[in-house]
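The values are calculated or read from the model by the stated rules, or taken from the named source; none is laboratory data. All figures in this text were calculated on a predicted structure; none of them were measured in a lab. Note: ideal-geometry Cβ built from the backbone for every residue, glycine included; neighbour counts use all protein chains shown.
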Amino acid sequence: MLQDYVKTVQQFVEEHHFGISFALVAGVGILALQRWKAGGVCRSKACLDGKTVLITGANTGIGKETAVDIAKRGARVILACRDLDRARTAAEEIRKRSRNGNVVVKKLDLASLQSVRALAKDVQEHEDRLDILINNAGIMMCPKWKTEDGFEMQFGVNHLGHFLLTNLLLDKLKKSTPSRIVNVSSLAHEKGQIHFDDINLDKDYDPAKSYQQSKLANVLFSRELAARLKGTGVSVYSLHPGVVYTELGRHFFPTMALWMKILLRCLRIFFKTPWEGAQTTIYCAVDENIQDSTGLYYSDCAPKEEAPAAKSDSAACRLWDLSASMVGLP
């Protein structure tokens, strides 16, 4: 009976050898593609017991996955979010997944400078320390909206809100050294340009152009901030998380043509998961080997050369002065 079974299998293989070979090659190819798509993984085992970490926009996507990892390492995690109901739901999930009950929610609307100042005051008055600040929240390719203070929405949320928050928390970060600031940017910065003469793009608004400008601003801000904090014990990093399937595209997806929506869904296999997308953020936040490598730009848990426009010290300084003026910093 066993011989008959073996003979049947051999006959099947001989008759379908081409199809079986194709399936094997395709399977290996898909596995290789999945590994390539996943990118780098943070291997650090760093413990964060006694540390406090604040993450903006941590109720969903890579921010939430970052929060889970940081909480598993023992840190007190502050979720700074606009939607408190969703943030509280996320906090409960993070507590369960990490088995760390020290996960708290604080209100932050990056489209409101008043909200940014209120959060900073809360942290200064009620938190003993702040070891890691992760500027993760963002908005992508939305219509021509304005923030509460009249700034173009993407530049206001992605850059100005985080610029003000970071500056207002610097004293707390300096008192908690060695500490870190992690700014989540994007590969989109490579096509960006800072429109100094029309920073709110009132003359020529385009969602993609605005997003690219805001992401370039993230990298330039990191560059100038690292220079200003040299020798203080506060390290600064910017990064590209990868192409990640999250809610970030919720503003432009509904406006796409049907064929583009179908194509995008088919291409999801090439996108990183939120967990995969969070790895470089986590790496920049905790890896022991880069503590002194301040001011660099990372992708897939490794240094990556930023675009030429992001290397301009004069542009970084000019952007700093403009941003400080816009948010009312001395």
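The number of residues in segment 163-192 that are under 19 Å from LEU225 (Cα atoms) and either outside the structural domain of ILE78 (by TED's automatic domain parsing) or not in a helix (DSSP H, G or I) (or both) comes to 12.
If the condition is being assigned to a loop (DSSP other than H, G, I, E, B), among the small types (Gly, Ala, Ser) and buried (at least 24 other Cβ atoms within 10 Å of the Cβ), then segment 45-66 contributes GLY57, ALA58. None of VAL123, VAL116, VAL105 is free of Cβ contacts under 8 Å to residues at least 40 places away in the same chain and either touching a helix residue (DSSP H, G or I) at 6+ places or on another chain (Cβ under 9 Å) or in a loop (DSSP other than H, G, I, E, B) (or both) except VAL105. Of all positions in segment 285-292, none carries a residue that is under 22 Å from GLY192 (Cβ atoms) and not charged (D, E, K, R). Starting from residues that are within 20 Å of the chain's Cα centre (by Cα) and outside any loop (DSSP other than H, G, I, E, B), keep the ones in segment 289-315 and report whichever is nearest to SER44 (Cα to Cα). Result: ILE290.
Quick check, is LYS209 more than 12 Å from ALA310 (Cβ to Cβ), among the basic types (Lys, Arg), more than 22 Å from the chain's Cα centre (by Cα) and assigned to a helix (DSSP H, G or I)? Taking the combined requirement at face value, the residue does not satisfy it.
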